[in-house]
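Peer 1: I'd like to ask you about the structure that follows.
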There are 4 protein chains.
Amino acid sequence: MDTHKKAGRRPVKPYENNRARMLISCPDGPGIVAAVSHFLHLHGANIVQSDQYTMDPEGGMFFMRIEFDMENLEDKLVSLKEDFLVIADKFQMKWDIHQLSYKKKLAIFVSKEDHCLVELLWQWQAGDLDAEISMVVSNHPDMKEYVESFGIPYHHIPVTADTKAEAEQRQLDLVNGQVDLIVLARYMQIVSPALIEPYRNRIINIHHSFLPAFVGGKPYAQAYERGVKIIGATAHYVTEQLDGGPIIEQDVQRVSHRDNVNELKRIGRTIERVVLARAVKWHIEDRILVHQNKTVVFN
Amino acid sequence: MDTHKKAGRRPVKPYENNRARMLISCPDGPGIVAAVSHFLHLHGANIVQSDQYTMDPEGGMFFMRIEFDMENLEDKLVSLKEDFLVIADKFQMKWDIHQLSYKKKLAIFVSKEDHCLVELLWQWQAGDLDAEISMVVSNHPDMKEYVESFGIPYHHIPVTADTKAEAEQRQLDLVNGQVDLIVLARYMQIVSPALIEPYRNRIINIHHSFLPAFVGGKPYAQAYERGVKIIGATAHYVTEQLDGGPIIEQDVQRVSHRDNVNELKRIGRTIERVVLARAVKWHIEDRILVHQNKTVVFN
Amino acid sequence: MDTHKKAGRRPVKPYENNRARMLISCPDGPGIVAAVSHFLHLHGANIVQSDQYTMDPEGGMFFMRIEFDMENLEDKLVSLKEDFLVIADKFQMKWDIHQLSYKKKLAIFVSKEDHCLVELLWQWQAGDLDAEISMVVSNHPDMKEYVESFGIPYHHIPVTADTKAEAEQRQLDLVNGQVDLIVLARYMQIVSPALIEPYRNRIINIHHSFLPAFVGGKPYAQAYERGVKIIGATAHYVTEQLDGGPIIEQDVQRVSHRDNVNELKRIGRTIERVVLARAVKWHIEDRILVHQNKTVVFN
Amino acid sequence: MDTHKKAGRRPVKPYENNRARMLISCPDGPGIVAAVSHFLHLHGANIVQSDQYTMDPEGGMFFMRIEFDMENLEDKLVSLKEDFLVIADKFQMKWDIHQLSYKKKLAIFVSKEDHCLVELLWQWQAGDLDAEISMVVSNHPDMKEYVESFGIPYHHIPVTADTKAEAEQRQLDLVNGQVDLIVLARYMQIVSPALIEPYRNRIINIHHSFLPAFVGGKPYAQAYERGVKIIGATAHYVTEQLDGGPIIEQDVQRVSHRDNVNELKRIGRTIERVVLARAVKWHIEDRILVHQNKTVVFN
């Protein structure tokens, strides 16, 4: 673990200054790919990678992700976006362009279980999560020393029945406008609707079951009780409906009658941290589009 | 496909005449393994393989599977079982001994979807399912010619709202006492309690979802609607509770936003047939013990 | 298994008459996506799905697969291809356009082991392999009756040391110009270079190991000897180098010390047939591009 | 991460004082299970779990693992072992008994890549690796501060062409007789035969490929070059033959043409650390028996 990496930030690689990613969702119709790629070509962009998918060709939805290089991107970006409005309007697009030189800012929420947090910090430090970790927020003080050893601010905000409203306000004050993505890394409190609303499709939770099986509390105990032969974990965007938001990623592992609840938890921890880290990575890399309650993941 | 294999039966290999499998469940206590293995040794048996598992050591349940060789097994089996009663009583055992020379008799129930049936017949013909397929029962006539080309009797018993009671009685008359195991190979009717009772833990169903997710009808449509990233199938023993019986085996496969309901069904068919065939094989090989609503699978 | 499906052919669905797939490989450069999509738009095509990938952005290779709808495609296809030559020349493209209404013609080569053939025929009959199976060629007579029951011609061409040259000539005469793809479904003879040359990247073989482990003969015996904990199978295009051609697909399954060589073979058979069927399906659906000794698979 | 866990040690749970595991390998013959279980019963032991496997019943090898409880085990262990010699001699057994109250002592060897070390330390701290980590040995100083923060001694022993012999001697002096297991957690030097000999089947290495594919250096570059669709990692005991020792565990993950060598490395890191940790856990829990160049793993 190189100490020179410690600071919550990630360096910008030279090629990233001139590279961007474009995400588009719109009703399908003829000529969208042509219009977008022609537009980019006229503006001097070179498409490095593109993925496109149409859900139900006739009368369906169109989704696209384009990664492109453009010289002096920084200078041109504002006018590029302005110019694109004509096309965006014509096809009723929801769209965005993300520069790779801008590192998304993350807040990680955690309670007492540390495995997901440790994984995210390790992957971030190894350079696999290309984002800035702006802060860690917890309702417990346990991880303070560990987190701060990475140079990342740690905010301990206790949550009790009495202080819940106040605690949620403090959380909101901390993150709102300051971070681009909130990661619930086994944060065991229900998140306030006041936080969900401004962070629609920007709060990722890890649920420790293969959703929709075992919604709610104590999923490993439920799984043991039901005698399943495979357990899993699910990363999803948080909505007002408990464990009901758009699923980003799932993975599983085989278990047997020999595994009691504690073994299921132990095995589950590895699935949880891998699945959560994968979902966070995909979000950071602008690989996820949400439509209604589902995700399109270009990976 | 060798025509000489066609007849619903499987040949007995020479070593199988002198080999048997013993299954034991009982409350745990000291000396069970010693008592059983000492008993077998005294009776001239050589243990080829044994698996033992105690659920929760203190005050829990003891499960054991022993495969052993014994010269002139056929002649000795009755007295062996009689002699064992002393040990069985002492430890309050549920137990059984199965000779490998006896091939379990199967009835396969099927409706219109043929993939699970085709898989079972192919595996049976390849020698991978070491059982006798005594009959195929269906509420549709579609597979008659195909099944009979294997020399296996095909019973077409239509089921309508009016004839349901009568149809169930015909099914019961056909199988009861004639077969050891009933396999529901995508049989789309609810099985009568009159059949479940005598075939407790001897009816295997394949459910086309990763239970307990998507209980009931149209699981692939439910899975598509929920946007899951992995689909699965579950083989379980049939109980009076729909899709609620002891789970024997599950498996899964990754899917993506590109897969519509029909693709999910197509991918699911391969999971279903593999999972069902595995569960049937384990049952045939006496690898499954049921305790309360869970299975212990020694594989 | 519906008898009305028997004939080696697949029906054309209405929407397929106006749909085509385009495959492009060329050196990367600016404006390719724009040029192609603009061209298609001008000719009245609507892009249903597109995938694009650039291997090593700077000075690398560009790969693209586009699926599009075009009214009266049949009438326009010749001129569409002619018009495209300007763009193809400019970017030095290797390219092709495949109409979905044309069903690729397959020859399946098989020896004595039937599992891969049975799988392909079952998937084809279930409508999952959208191609025409023109013939089955075998060096053994065993599967003749089974294959012909599907209405598919079966050619028994024995291969001995003495008759090898003659047998290969007969094979070549049978397939050359008559089929689009040759599938070696556990065909245990080395294929003649005279066949490989005209069918470059159009002969798919299934190797019963996780290549490049266990190249050559008896891979399961090799795997058992080495004590591996996972076995696999590999589908690849056939080249002059034994088991050395471009890999299309691989899959694996966990095994244990309990599995002897016969068990490995049994487990392996399911991997083999699934992997081969997947590779054949992707080839049929024009999802595979070959560059040097590797595949780009858009799936 | 609880600071009170920091010290390299693991606490002994009360039930562990009276629990032990017995491992047996011997030529197969009648009465072994009976003799062993009868012996244990006579000595007041209660068998909690037992696994037995006979490789090739006739004239093969017998392997057994028994976990048992015995009151006042500490006091009785010496005489228990002495008494067992009669049985052990009779059946020509290789055998051992391990008390659970004794925590195996580990030395972890590491070079610059830290992911396997971080995983082992995290799992150890989470209580999932029930051993004592006595020391970390490295040819680089990089991880010193991190390792020492756990209270674990860190020995920096540089290895150069000139100092190789001396360095190996220093390693040998450090570990010999002091540790029970050496874990090569991406240690990039060839281990000295002088170390292998006394630690036969007690040095675990993680090889970053799915052995026997890609033996030797730069396996991810080799895998990329060959265009495989799945990559893997292999944990094995170290022998004098490079990457040729008995395989303990393997696992894999799917990759695609989009993954360049760096992506393969990134994906591979997660497989490596999971596979290595699993193998170490099984060794610690006495689940592995080695016969010739293969492992029997009772898990």
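The values are calculated or read from the model by the stated rules, or taken from the named source; none is laboratory data. Quick caveat: nothing in here was measured; it's all calculated off a predicted structure. With ideal geometry, Cβ positions are generated from the backbone for all residues, glycine too; neighbour counts draw on all protein chains shown. What goes into the accessible areas is simple: the full protein's heavy atoms, side chains included, and nothing from ligands, DNA or RNA. Shrake-Rupley method; radii C 1.70, N 1.55, O 1.52, S 1.80 Å.
Peer 1: Working carefully through the options D:SER134, D:SER149, find the one that is in contact (Cβ under 8 Å) with a residue 12 or more places away in the chain, among the small types (Gly, Ala, Ser) and away from chain A (no Cβ under 11 Å).
Peer 2: Working: D:SER149 fails: away from chain A (no Cβ under 11 Å).
Exactly one residue qualifies, and that residue is D:SER134.
Peer 1: Is it fair to say A:GLN241 is over 30 Å from B:MET61 (Cα atoms) and facing another protein chain (nearest Cβ under 10 Å)? Let's see the steps before the verdict.
Peer 2: Numbers: over 30 Å from B:MET61 (Cα atoms): yes; facing another protein chain (nearest Cβ under 10 Å): no.
Criteria not met by A:GLN241.
Peer 1: Can you pull out every residue in the range D:17-34 that is assigned to a strand (DSSP E or B) and within 10 Å of D:ILE66 (Cβ to Cβ)?
Peer 2: We begin by selecting, within the range D:17-34, every residue assigned to a strand (DSSP E or B); these are D:19-27.
Listed by number, the residues that qualify are D:ALA20, D:ARG21, D:MET22, D:LEU23, D:ILE24.
Peer 1: Mind listing whichever residues of the range B:180-201 are among the charged types (D, E, K, R) and buried (at least 18 other Cβ atoms within 10 Å of the Cβ)?
Peer 2: Of all residues in the range B:180-201, those among the charged types (D, E, K, R) come to B:180, B:186, B:197, B:200.
Hits for the range B:180-201 are B:ASP180, B:ARG186.
Peer 1: Please state which one of B:ILE248, B:ILE271 is within 23 Å of A:ARG254 (Cβ to Cβ), of a type outside the set (S, T, N, Q), in a helix (DSSP H, G or I) and touching a strand residue (DSSP E or B) at 6+ places or on another chain (Cβ under 6 Å).
Peer 2: Numbers: B:ILE248 fails: in a helix (DSSP H, G or I).
Of B:ILE248, B:ILE271, the one residue that is within 23 Å of A:ARG254 (Cβ to Cβ), of a type outside the set (S, T, N, Q), in a helix (DSSP H, G or I) and touching a strand residue (DSSP E or B) at 6+ places or on another chain (Cβ under 6 Å) is B:ILE271.
Peer 1: Another one. Output the number of the condition that B:GLU82 fails; it satisfies all remaining conditions of (1) farther than 28 Å from C:ASN262 by Cα; (2) under 16 Å from the mean Cα position of the chain (by Cα).
Peer 2: Only one criterion in (1) farther than 28 Å from C:ASN262 by Cα; (2) under 16 Å from the mean Cα position of the chain (by Cα) is unmet by B:GLU82, namely (2).
Peer 1: Any residue at all in the range B:269-292 that's of a type in the set (S, T, N, Q), surrounded by 19 or more Cβ atoms within 10 Å (Cβ to Cβ) and in the same structural domain as B:PRO212 (by TED's automatic domain parsing)?
Peer 2: Taking the range B:269-292 and keeping what is of a type in the set (S, T, N, Q), we get B:270, B:292.
Of the ones still in play, those that are also surrounded by 19 or more Cβ atoms within 10 Å (Cβ to Cβ) are B:270.
Now drop any that are not in the same structural domain as B:PRO212 (by TED's automatic domain parsing), which leaves B:270.
Checking the range B:269-292: at least one residue is of a type in the set (S, T, N, Q), surrounded by 19 or more Cβ atoms within 10 Å (Cβ to Cβ) and in the same structural domain as B:PRO212 (by TED's automatic domain parsing).
Peer 1: Across the range C:74-97, what is the total count of residues that are part of a strand (DSSP E or B) and open to solvent by less than 50 Å² (accessible area, probe 1.4 Å)?
Peer 2: In the first step, residues of the range C:74-97 are kept if they are part of a strand (DSSP E or B); the result is C:94-97.
Now drop any that are not open to solvent by less than 50 Å² (accessible area, probe 1.4 Å), which leaves C:97.
Going through the range C:74-97 one residue at a time, the tally reaches 1.
Peer 1: Quickly run through the range D:55-73 and pick out the residues that are part of a strand (DSSP E or B) and open to solvent by less than 10 Å² (accessible area, probe 1.4 Å).
Peer 2: Residues of the range D:55-73 that are part of a strand (DSSP E or B), as a first pass: D:55, D:61-69.
Matches in the range D:55-73: D:PHE62, D:PHE63, D:MET64, D:ARG65, D:ILE66, D:PHE68.
Peer 1: Report whether or not D:ASN260 is open to solvent by 30 Å² or more (accessible area, probe 1.4 Å), within 11 Å of chain C (Cβ to nearest Cβ), within 28 Å of D:ASP56 (Cα to Cα) and at pLDDT below 95.
Peer 2: Judged against the criteria, D:ASN260 is not a match.
Peer 1: Here is a follow-up. Looking only at the range B:163-170, decide whether some residue is among the hydroxyl-bearing types (Ser, Thr, Tyr), surrounded by 16 or more Cβ atoms within 10 Å (Cβ to Cβ) and farther than 30 Å from C:ASP259 by Cβ.
Peer 2: No, there is no match, as no residue in the range B:163-170 is among the hydroxyl-bearing types (Ser, Thr, Tyr), surrounded by 16 or more Cβ atoms within 10 Å (Cβ to Cβ) and farther than 30 Å from C:ASP259 by Cβ.
Peer 1: Being open to solvent by 20 Å² or more (accessible area, probe 1.4 Å) and among the small types (Gly, Ala, Ser) is the filter here; which residues of the range C:132-156 pass it?
Peer 2: C:SER134, C:SER149, C:GLY151
Peer 1: Just one of D:SER101, D:SER25 is in contact with a helix residue (DSSP H, G or I) (Cβ under 8 Å, 6 or more places away or on another chain), more than 10 Å from chain B (Cβ to nearest Cβ) and surrounded by 14 or more Cβ atoms within 10 Å (Cβ to Cβ); which is it?
Peer 2: Numbers: D:SER25 fails: in contact with a helix residue (DSSP H, G or I) (Cβ under 8 Å, 6 or more places away or on another chain).
Exactly one residue qualifies, and that residue is D:SER101.
Peer 1: What number goes with the only condition from (1) assigned by TED's automatic domain parsing to the domain that holds C:MET64; (2) modelled with pLDDT under 95; (3) of a type outside the set (Phe, Trp, Tyr) that C:GLN125 does not pass?
Peer 2: (1)
Peer 1: Might you let me know whether the range A:199-206 holds any residue that is within 9 Å of another protein chain (Cβ to nearest Cβ) and closer than 21 Å to A:VAL275 by Cα? Full working, then the answer.
Peer 2: First, the residues of the range A:199-206 that are within 9 Å of another protein chain (Cβ to nearest Cβ): none.
Taking every residue of the range A:199-206 in turn, none turns out to be within 9 Å of another protein chain (Cβ to nearest Cβ) and closer than 21 Å to A:VAL275 by Cα.
Peer 1: Under 25 Å from D:GLU132 (Cβ atoms) and of a type in the set (A, V, I, L, M) - does that describe any residue in the range D:83-95?
Peer 2: Within the range D:83-95, the first condition is being under 25 Å from D:GLU132 (Cβ atoms), and the residues that meet it are D:95.
Retained after the next criterion (residues that are of a type in the set (A, V, I, L, M)): none.
The answer is no, given that none of the residues of the range D:83-95 is under 25 Å from D:GLU132 (Cβ atoms) and of a type in the set (A, V, I, L, M).
Peer 1: Return the only residue of D:GLU249, D:GLU225 being within 10 Å of another protein chain (Cβ to nearest Cβ), open to solvent by 10 Å² or more (accessible area, probe 1.4 Å) and not hydrophobic (A, V, I, L, M, F, W, C). Walk me through how you get there before you give the answer.
Peer 2: Numbers: D:GLU249 fails: open to solvent by 10 Å² or more (accessible area, probe 1.4 Å).
Exactly one of D:GLU249, D:GLU225 is within 10 Å of another protein chain (Cβ to nearest Cβ), open to solvent by 10 Å² or more (accessible area, probe 1.4 Å) and not hydrophobic (A, V, I, L, M, F, W, C), namely D:GLU225.
Peer 1: Here is a check on your reading of the model: is B:ILE204 part of a loop (DSSP other than H, G, I, E, B), hydrophobic (A, V, I, L, M, F, W, C) and under 17 Å from B:TYR237 (Cα atoms)?
Peer 2: Details: part of a loop (DSSP other than H, G, I, E, B): no; hydrophobic (A, V, I, L, M, F, W, C): yes; under 17 Å from B:TYR237 (Cα atoms): yes.
No, not satisfied.
Peer 1: Among (1) away from every other protein chain (no Cβ under 14 Å); (2) more than 23 Å from the chain's Cα centre (by Cα); (3) within 22 Å of A:GLY268 (Cβ to Cβ), which single condition is A:ASP142 missing?
Peer 2: For A:ASP142, the exception is condition (1).
Peer 1: Return the residues of the range D:41-54 that are open to solvent by less than 20 Å² (accessible area, probe 1.4 Å) and more than 7 Å from every other protein chain (Cβ to nearest Cβ); say none if nothing qualifies.
Peer 2: First, the residues of the range D:41-54 that are open to solvent by less than 20 Å² (accessible area, probe 1.4 Å): D:45, D:47-48, D:50-54.
D:ALA45, the sole residue that qualifies.
Peer 1: Additional query: Could you figure out which of (1) modelled with pLDDT under 95; (2) part of a helix (DSSP H, G or I); (3) more than 8 Å from chain B (Cβ to nearest Cβ) isn't true of D:SER37?
Peer 2: (3)
Peer 1: Here is a list: D:VAL159, D:VAL110. Which entry is surrounded by fewer than 22 Cβ atoms within 10 Å (Cβ to Cβ), β-branched (Val, Ile, Thr) and either within 11 Å of chain A (Cβ to nearest Cβ) or touching a residue at least 12 places away in the same chain (Cβ under 8 Å) (or both)? Give the steps one after another, and end with the answer.
Peer 2: Values: D:VAL110 fails: surrounded by fewer than 22 Cβ atoms within 10 Å (Cβ to Cβ).
Being surrounded by fewer than 22 Cβ atoms within 10 Å (Cβ to Cβ), β-branched (Val, Ile, Thr) and either within 11 Å of chain A (Cβ to nearest Cβ) or touching a residue at least 12 places away in the same chain (Cβ under 8 Å) (or both) holds for just one of D:VAL159, D:VAL110, which is D:VAL159.
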